[in-house]
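First the structure, in the form of structure tokens, and then the observations on it.
Quick note: the coordinates plus some simple rules give every number you see, no bench work behind them. For clarity, every value in this text was computed on a predicted model and none was experimentally measured. Using ideal geometry, Cβ is built from the backbone for each residue, glycine included, and neighbour counts are taken over all protein chains shown.
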Amino acid sequence: MRDKLTKIIQAYEELEKKLMDPAVVSDPKEYARLAKEHAGQAELVAKAREYLGALDDIDAAKEMLHEADADEKAMLQEDISANEAKLPALEEDIKFLLIPADPNDEKDTIVEIRAGVGGDEAAIFAGDLYKMYQRFCESRGWKIQVLSSSPSEAGGFKTIEFKVAGDKVYSVLKYESGVHRVQRVPKTESQGRIQTSTATVAVLPEADEIDIQIDQSDLRIDTYCASGPGGQCVNTTYSAVRITHLPTNTVVQSQDQRSQIQNREVCMQMLRARLYEMELEKQQAEQGAARLSQIGHGNRSEKIRTYNQPQDRVTDHRIGFNGTYNGVLLGDALPSVIEALAAAERAEKLAQAV
């Protein structure tokens, strides 16, 4: 372990020297690449230095024991015990940090919420989920941009797609992919009966043109008048855009932006994200496993969480985590659920690494 960590620290220090090289500083792309690599190694190097420092302190204290008097030996032994107590936790942290990170963790995301079973109540629930994520993202300083939406006359959304930009967005929101189920008395229910409704959430890492190359000849682009709830025309220009990727029959559309150019760019963002997800799933299938586990990569066909209003309980079925209905859906307890999922994924990765 000592030799491996020493080499990691040496490589990090070499990277720091490169970042000060005038030739690198004058090349924005290369500087950005190296700076990102440097930032990505910072936590591991900090833990490595702490670990090696503890080992050095132990060795030095043991060496001094030979010539120390009784009082000094007691103090040195305390130092040795304190440093030895640090090592197991540091080793666990280092092992986890040595596991290759998901290359998508740094990416921004495109989130799609789609009303499922339950009619108007499902659309209202989809709207509640959007508000939940909106509050969560705002609390972290992340920026949300609605890309496309189809509001429901009863409230909420039939579908809504939005982009989230910020620090390591995908690494956090990826746990939200899957089927969300709500059990409550709908606003539209006059007899007080509990109804079960669902909404699906898809969290896609945003793909840029480098990740996904799209041949323009594979696209069919249609334009039409944007419309609001109920179908009434909200403008008389053909600003809304629908793009069909013919080889995969993937369809994306946007009408929420101000111009046809903006709607087209939004469509291309969504299309790249969906094609990128397809490519990831293909690679994972070829490797013999679609996902490492449902923790961290919830399949949209899997029920991942139930929000039970009468019992004031939210249960994440992947890890058996329970929170309160108001705390998660209406309040600020979603971070606790995501932290528990991240901890479970961390434990699983550590177990596989042993």
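To test your reading of the geometry: what angle, between 0 and 90 degrees and rounded to tens, separates the Cα axis of helix 334-353 from the longest principal axis of the chain?
Once rounded, the angle reads 50 degrees.
Which entry in (1) 90, 59, 38; (2) 80, 42, 36; (3) 100, 61, 39 is this structure's computed Cα extents along the principal axes in Å?
(1)
Arranged by the count of other C-beta atoms within 10 angstrom, fewest first, what order do Cys267, Cys137 take?
Ranking Cys267, Cys137 by Cβ neighbours within 10 Å, fewest first, gives Cys137, Cys267.
Using amide H atoms built 1.01 Å from N in the peptide plane, name the residues 5+ places from Thr324, or on other chains, whose amide H lies under 5 Å from its own.
Val314
Which of the lysines could be linked to Lys303 by a straight reach, that is with a Cα gap under 26 Å, when you skip same-chain ones fewer than 8 residues away?
Cross-link targets: Lys107, Lys131, Lys158, Lys163, Lys168, Lys174, Lys187, Lys282, Lys349.
For the range 2-98, what is the number of Lys pairs with C-alpha distance below 26 angstrom, counting only pairs 8 or more positions apart or on separate chains?
29
Which angle from 0 to 90°, rounded to the nearest 10, does the C-alpha axis of helix 119-139 make with the longest principal axis of the chain?
Here the helix axis deviates by roughly 40 degrees.
If you line up the long axis of helix 28-65 against the longest principal axis of the chain, both from Cα atoms, how many degrees apart are they, to the nearest 10?
Tilt relative to the chain: about 30 degrees.
Just want the ordering: Tyr175, Tyr307, from fewest to most Cβ atoms lying within 10 Å of their own Cβ.
The fewest-first ordering by Cβ neighbours comes to Tyr307, Tyr175.
Can you give me the long-range amide H partners of Gln195? Hydrogens built in the peptide plane at 1.01 Å from N, cutoff under 5 Å, separation of 5 or more residues or another chain.
Arg184, Val185
Would you please give the residues with an amide H less than 5 Å from that of Thr250, counting only those at least 5 places away or on a separate chain, with H modeled from the backbone geometry?
Residues meeting the amide H criterion: His245.
Between the alpha-carbon centers of the range 327-350 and the range 5-25, tell me the distance in whole angstrom.
The range 327-350 and the range 5-25 have Cα centres separated by 35 Å.
What ³J(HN,Hα) values, in whole Hz, does the Karplus curve 6.51 cos²θ - 1.76 cosθ + 1.60 give for the range 80-88 when θ = phi - 60°, with x put for Gly and Pro?
4, 5, 5, 5, 5, 5, 6, 4, x
Using a Gaussian network model of the chain with C-alpha springs under 10 Å, which one of Gln311, Gln257, Gln191 is most mobile by mean-square fluctuation?
Taking springs between Cα atoms under 10 Å, the residue moving most is Gln191.
What's the exposure ranking of Phe162, Phe125, going from fewest to most Cβ atoms within 10 Å?
Phe162, Phe125
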